[in-house]
Structure formats: C-alpha cells, structure tokens
Amino acid sequence: MAVLLLAELNDDVLALDVTAKAVTAAKQLGDVTVLAAGAKAAEAAEAAAGIEGVAKVLVAENAIYAHRLAEPVAALVASLAGSYSHIVAPATADAKNILPRVAALLDVMILSDVTAVVDADTFERPVYAGNVIQTVKSSDATKVITFRASTFDAAAHGGSGPVETISAAEDPDLSEWIEDKVAVSDRPELTSAGIVVSGGRGIGSKEDFSLIGALADKLGAAVGASRAAVDSGFAPNDWQVGQTGKVVAPDLYIAVGISGAIQHLAGMKDSKIIVAINKDAEAPIFQVSDYGLVADLFEAVPKLTEKL
Amino acid sequence: MKVLVPVKRVIDYNVKARVKADGSGVDLANVKMSMNPFDEIAMEEAVRLKERGKADEVVAVSIGVKQAQETLRTALAMGADRAILVEAADDVHQDIEPLAVAKILARVAQEERPGLIIAGKQAIDNDMNATGQMLSALLGWSQATFAGELDVDGDSATVTREVDGGLQTIRVKMPAVVTADLRLNEPRYASLPNIMKAKKKPLDEKTAADYGVDVSPRLTVVKATEPPVRQAGEMVPDVDALVAKLKEKGVV
Ligand SMILES: Cc1cc2nc3c(=O)[nH]c(=O)nc-3n(C[C@H](O)[C@H](O)[C@H](O)COP(=O)(O)OP(=O)(O)OC[C@H]3O[C@@H](n4cnc5c(N)ncnc54)[C@H](O)[C@@H]3O)c2cc1C
Ligand SMILES: Nc1ncnc2c1ncn2[C@@H]1O[C@H](COP(=O)(O)O)[C@@H](O)[C@H]1O
C-alpha cells in the first residue's frame with residue numbers, strides 16, 4: 001500500500017518534529033511518499049527525505065502554496081490522490097484546515113486525530129474530549145487521516161529517498177494571504193518540548209504570567225496556558241493546551257493556577273509526570289497529578305524557580 | 001446578505017461522557033444535551049452581523065434527531081430569524097458524519113443561497129473538526145477556519161485565524177464558509193422574552209431524503225472504551241519537598 005504524507009511547512013521551513021512523528025504512524029500503512037508544498041520547498045523536501053522511512057519526496061513549488069491556503073493545497077493533494085491508499089498528515093492546525101477539504105473532494109470521510117493504527121482500515125481516535133477512545137473501521141477507498149503527533153515517537157534521521165519535482169495544480173483563487181502574526185520565542189516548541197509549564201486563570205494578569213515564563217526558562221521548558229488564561233488575555237492563543245487547543249505529552253507538565261476542567265485535561269493527561277500547584281485543595285487537577293502542592297502560586301512559583 | 005449557521009445538538013460540555021455497558025458507544029439516554037459551544041459562538045457572530053446591518057437574515061440549520069428542535073429554538077432565541085431541522089436519524093445514539101452533514105448543508109445552501117456560512121470549528125462530541133472544510137469543498141467556496149476575528153466588507157471577508165504559530169489573516173471571496181474559534185466573541189444568553197418569541201418563529205422540518213443525501217456512515221464504530229484513568233499521586237507539603245521529588249525522578 002502507498003501512503004501520501006502532507007508535510008507541514010511554515011514559511012517554507014519543514015516542521016521536522018511533527019512530520020517525523022507522522023512518518024512513524026504512516027510507515028505502519030505502507031511506503032511513505034512525502035509531499036512538500038511551498039513557495040520554495042526544495043530545502044524542506046531535502047530535510048523530509050532525511051527522515052528514516054521516507055521512500056520518496058514530491059516537491060511542489062509555487063507562490064500559491066506560500067502560506068498554505070487550504071483551497072490550493074487541497075486541490076494539489078486531491079490531484080495526486082489516485083496513486084495512494086492513504087493520505088495522511090500530522091494533526092496540526094495546518095492539516096486540520098486542509099485534509100477535511102481533501103477528503104470531501106474525494107468523497108470520503110476524514111479520520112481526525114488518530115492515535116493508533118489497528119490495521120489498514122481500522123484506527124483508534126479519542127472523542128468526547130479524550131474521555132472515550134473509539135475504534136473505527138473505514139469503508140472508504142482512500143483513507144484520509146490526521147495523526148495526533150504527541151502519541152507517536154519521531155522517526156529517526158537517516159533516510160535518503162529521492163526527491164522528485166512535480167508541477168502545481170490549478171489555483172482555485174478563492175482566498176489571499178494578508179499577514180501572519182507569529183510570536184518569535186527562544187523557548188522550545190510547545191508540542192515537542194520535554195517540559196511544559198502552563199498557567200491558568202489563577203495567574204490573574206498578563207504581567208504576572210512572567211512568573212510562568214521565568215520558571216519555564218529555568219527548566220528550558222515551553223509555556224502553555226488554559227483557555228481561561230488565553231480568553232482573559234494573559235497568554236496568546238497558540239499557548240492553549242486542551243481539547244480544542246494543542247495536545248502535549250511531555251516528560252513533565254507543571255500546571256499552575258489551573259483547575260483541571262476536562263477540556264484542559266484532554267490536552268495534557270498523557271504527560272509522563274504531572275505537577276499541580278493550586279491554592280484550592282479540591283481542584284480536580286489534583287486527581288490526575290503525580291505531585292500536588294496546595295499553595296498560593298505567587299509564593300510557590302518564585303520559590304520553585306529559585307530552588308531548581 | 002443571508003447568513004446560514006449550522007448548529008449541532010451535543011452532550012453538554014459540563015457532562016462527562018460514559019461508555020455504554022456493551023461498549024458500542026457513549027450513553028446519551030437521559031444526558032443533558034446543549035448546543036455545541038462553538039455553534040453558539042457562530043450564531044452570536046451571525047446575529048451581530050445582522051445587528052450591524054451587514055446581514056439581513058440569519059437561518060439556523062440542524063441535522064440529526066427530532067430533539068434537535070430544542071437546539072434550534074435556542075438559536076432562534078439568540079436571534080436567528082428562522083430554522084431548518086433536517087431529520088436524519090431516529091436514535092439519539094446515531095451520529096451523522098461530517099461528510100453527510102456537509103452534503104445536506106450544501107443542498108440547503110444551494111436552495112437558500114446565503115452569502116456566508118458560519119459553522120463551529122469543532123463538535124465537542126466527535127471532535128472531528130471537519131464539517132466546515134468539507135462543506136466549503138463541496139460548494140467550491142472559499143474557506144476560513146478557526147476564526148478569531150471576522151470582518152465582512154462587500155464581496156469579501158477578512159478573517160484572522162487562530163493557528164499553531166499564532167495568528168494568520170486572510171481575505172476570502174464571498175460566498176465563504178467560516179468556522180468559529182473560541183475567541184471570536186462571547187455568546188449572549190437568550191433572555192426570557194426572546195425565548196418566548198422564539199417559540200413563534202418559523203421552524204421548517206425536512207428529512208435527509210428530501211435532499212437526496214445518503215447518510216449511511218463511512219466509518220463503523222467497532223468499539224468504544226474509556227481510557228485508563230490516571231491515578232492521583234501524592235500531595236507534597238512544600239516547595240522543597242516538590243523539588244526533592246522531581247530530582248528523585250530525574251526530570252529536572
Ligand atoms: C467548547 C469548549 C472548549 C474548551 N477548550 C479548552 C481547551 O482547549 N483548553 C482549556 O484549558 N480549556 C478549554 N475549555 C475551558 C474549560 O472548560 C475551563 O473553563 C478552563 O480550562 C478553565 O481554565 P482555568 O483552569 O485556568 O480556570 P479556572 O477553572 O477558573 O481555575 C483557576 C484555578 O486557579 C486557582 N487559583 C486562583 N488563584 C490562585 C493562587 N493565587 N494560587 C494558586 N492557585 C490559584 C483556583 O483555585 C482555580 O482552581 C473549553 C471549554 C469549552 C466550552
Ligand atoms: N449534525 C449537525 N447539524 C448541524 N451542524 C453540524 C452538525 N454536525 C456538525 N455541524 C457543524 O459543523 C461544525 C463542526 O463539526 P465537526 O466537523 O463534526 O467537528 C459544528 O460546530 C457545526 O457548526
């Protein structure tokens with residue numbers, strides 16, 4: 001069986017970690033061909049070819065792919081679909097935007113956020129904020145899948161598959177890119193970091209969120225947030241961890257001033273060690289944490305930062 | 001301009017889903033059901049467009065069991081002008097897949113000719129995050145998912161999208177399909193007088209067959225299980241004890 005994997009490119013740079021995790025999942029289904037689509041995607045294609053288990057890389061370079069607008073990228077993927085049994089990608093915002101569109105163009109269902117491959121037609125995926133795991137069997141001719149990256153290990157470096165240039169598909173010309181507001185940070189990326197420190201509504205203000213930042217920097221960690229912290233303007237949207245935010249599974253997750261609503265737990269309960277700091281001893285977060293500290297975060301967090 | 005808003009009846013977000021004893025799915029009998037939270041946001045946005053004079057009619061559509069009428073009444077109480085119920089299932093446990101929902105919505109859109117469709121980003125039961133994208137593909141319209149800001153100006157709309165790296169702003173040609181993310185707005189509560197008024201607003205009843213759409217699922221649920229529960233660990237008395245534990249585990 002042949003698998004087409006849509007690599008994630010941001011401004012023409014390969015998102016190596018999530019793509020390599022999707023390769024691990026995809027390898028179980030057959031030979032993996034990676035598609036690198038961008039304005040200038042040759043370098044990203046080379047990087048993808050270096051992932052172990054990648055049989056071949058297709059590179060499509062055209063200005064219409066520069067910002068990964070859904071309509072042109074989906075049209076390209078759909079035009080290639082005939083040669084593949086499975087079309088897959090890591091379950092990032094990029095792929096969640098594009099792959100359901102591809103599936104509809106092919107008249108097949110999408111399998112979102114798949115966490116395990118049972119066989120070529122059968123997959124596991126979490127539903128109901130991760131409170132239920134469904135095993136589903138697809139009767140579609142082509143399976144279109146996004147893989148939850150946090151549940152797969154990244155494929156190693158060491159591939160040397162060939163890179164083949166393909167031409168662009170027709171541009172549906174329905175939308176145009178205006179601007180990106182991307183925060184640049186020296187911190188590790190949230191979904192690949194070994195340690196994540198997250199703050200919730202309990203932090204109380206944007207200024208005080210620097211307490212979380214200082215602890216994270218001491219640990220070389222990424223920073224996350226609850227929805228309440230994002231909604232209140234304490235933290236940017238791309239820090240949100242949860243059912244409808246990012247899913248993380250680091251070695252250590254420290255939740256500060258977060259109550260532990262199911263929607264938040266959905267994004268972090270597969271972390272190896274969970275630490276919770278909360279002033280309310282009854283907070284549900286303590287039911288999933290390995291180490292719980294009932295304390296005022298304004299005292300505990302600076303102290304923790306100092307002692308580590 | 002007419003705005004179409006698809007709203008789904010789902011398990012209330014405060015209720016923890018439980019798997020049925022036979023492992024066939026989630027037990028939804030006697031469980032509190034509500035409008036999908038993202039659809040409340042979508043509905044709010046549509047009503048605000050009307051209040052700002054950018055839309056002249058807001059139509060809510062729900063696909064599923066007869067009980068979805070209640071969800072549509074909520075939409076009407078929030079400010080929708082009329083509603084369409086497309087009955088496609090008679091068992092509350094039968095979920096209509098995004099592809100079938102999108103096909104029905106595409107047919108509704110061909111009849112209603114809205115300038116804009118605002119859906120939710122994700123249904124909190126199946127967690128698919130797919131219907132808006134599929135609908136947009138079937139109609140051949142532009143798509144703007146995960147909208148945190150929406151500005152409609154004539155024959156185009158400017159949408160700021162919540163993406164993994166931060167925010168992306170795009171301009172889409174109308175008609176368009178937009179999906180609402182959490183920060184788009186804060187939905188209003190329907191007032192009692194508006195709930196009363198909603199009872200008199202028109203609610204059309206159709207079936208999937210009226211639209212000629214086959215809703216049989218492409219994915220069969222082989223089984224549903226609850227994931228292993230994480231056991232609560234220990235409480236530590238102070239920061240020093242916490243640091244000691246983390247050092248012992250070798251994670252810091
Ligand atoms: C459709 C939908 C999608 C959602 N998606 C997500 C999602 O992806 N991610 C997410 O996180 N949430 C999500 N939510 C929201 C979720 O239901 C909760 O509302 C949210 O997680 C609460 O955030 P919080 O824990 O920061 O705030 P709260 O629940 O208000 O908790 C704040 C906590 O801080 C503690 N605290 C306050 N002051 C101090 C102090 N000085 N020291 C120590 N502790 C203190 C309090 O005891 C409390 O436990 C979603 C909700 C809906 C409806
Ligand atoms: N049965 C349905 N009836 C009406 N709208 C729906 C239905 N299913 C999905 N939708 C819409 O599509 C959005 C995304 O759902 P999903 O793709 O299932 O995650 C929802 O927020 C609704 O706006």
| task | Would you please name the residue that is farthest from the other protein chains (Cβ to nearest Cβ), looking only at residues in the range B:126-148 that are closer than 22 Å to B:Asp214 by Cα, surrounded by fewer than 24 Cβ atoms within 10 Å (Cβ to Cβ) and away from ligand 1 (no atom under 16 Å from the Cβ)? | result | B:Leu139
| request: Just give me the residues in the range A:105-123 being more than 17 Å from the chain's Cα centre (by Cα) and either open to solvent by 20 Å² or more (accessible area, probe 1.4 Å) or over 20 Å from A:Ala78 (Cα atoms) (or both), in sequence order. | output: A:Leu105, A:Leu106, A:Asp107, A:Val117, A:Val118, A:Asp119, A:Ala120, A:Asp121, A:Thr122, A:Phe123
| Only one of (1) facing chain B (nearest Cβ under 10 Å); (2) farther than 22 Å from B:Leu182 by Cα fails for A:Asp217. Which number is that? | (1)
| request: State yes or no: is B:Val10 hydrophobic (A, V, I, L, M, F, W, C), more than 19 Å from B:Ile195 (Cα to Cα), open to solvent by less than 70 Å² (accessible area, probe 1.4 Å) and near ligand 2 (Cβ under 10 Å from one of its atoms)? | output: yes
| note | When the range B:214-233 is checked residue by residue, the ones that are within 7 Å of another protein chain (Cβ to nearest Cβ) and among the hydrophobic types (A, V, I, L, M, F, W, C) are B:Leu219, B:Val221, B:Val222, B:Ala224, B:Ala232
| For B:Asn30, which of the numbered conditions (1) assigned to a loop (DSSP other than H, G, I, E, B); (2) under 23 Å from B:Lys121 (Cβ atoms); (3) away from chain A (no Cβ under 12 Å); (4) not basic (Lys, Arg) fails to hold? | (2)
| task | Kindly indicate whether B:Asp91 is over 30 Å from A:Pro284 (Cβ atoms), away from ligand 1 (no atom under 16 Å from the Cβ) and over 17 Å from the mean Cα position of the chain (by Cα). | result | yes
| task | Identify, from the list A:Gly204, A:Gly200, the residue that is within 12 Å of ligand 1 (Cβ to nearest atom), surrounded by 20 or more Cβ atoms within 10 Å (Cβ to Cβ) and closer than 29 Å to A:Val256 by Cβ. | result | A:Gly200
| field | Odd one out for A:Lys137, checked against (1) within 29 Å of B:Val229 (Cα to Cα); (2) touching a Leu at 6+ places or on another chain (Cβ under 9 Å); (3) surrounded by fewer than 24 Cβ atoms within 10 Å (Cβ to Cβ); (4) more than 7 Å from chain B (Cβ to nearest Cβ) | value | (4)
| remark: Within the range A:230-261, restricting to residues that are over 18 Å from the mean Cα position of the chain (by Cα) and more than 23 Å from A:Ala300 (Cβ to Cβ), the one that is nearest to the other protein chains (Cβ to nearest Cβ) is A:Asp231
| query | In this structure, does A:Arg227 turn out to be open to solvent by 40 Å² or more (accessible area, probe 1.4 Å), modelled with pLDDT of 95 or more, within 16 Å of ligand 1 (Cβ to nearest atom) and not acidic (Asp, Glu)? | reply | yes
| message | Of everything in the range A:248-287, what is within 13 Å of ligand 1 (Cβ to nearest atom), within 22 Å of B:Pro228 (Cβ to Cβ) and open to solvent by 20 Å² or more (accessible area, probe 1.4 Å)? Give them in sequence order. | response | A:Ala261, A:Ile262, A:Gln263, A:Leu265, A:Lys269, A:Pro284, A:Gln287
| note | In the range A:1-42, anything surrounded by 18 or more Cβ atoms within 10 Å (Cβ to Cβ), within 21 Å of A:Thr115 (Cβ to Cβ) and among the polar types (S, T, N, Q) is listed as A:Thr19, A:Thr24
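The values are calculated or read from the model by the stated rules, or taken from the named source; none is laboratory data. Predicted model only: the values in this text are computed from it and were never measured. Neighbour counts are summed over all protein chains in view; Cβ atoms, including those assigned to glycine, are modelled from backbone coordinates with ideal geometry. These area figures cover heavy atoms from the full protein model, side chains too; ligands, DNA and RNA do not enter into them. Shrake-Rupley method; radii C 1.70, N 1.55, O 1.52, S 1.80 Å.
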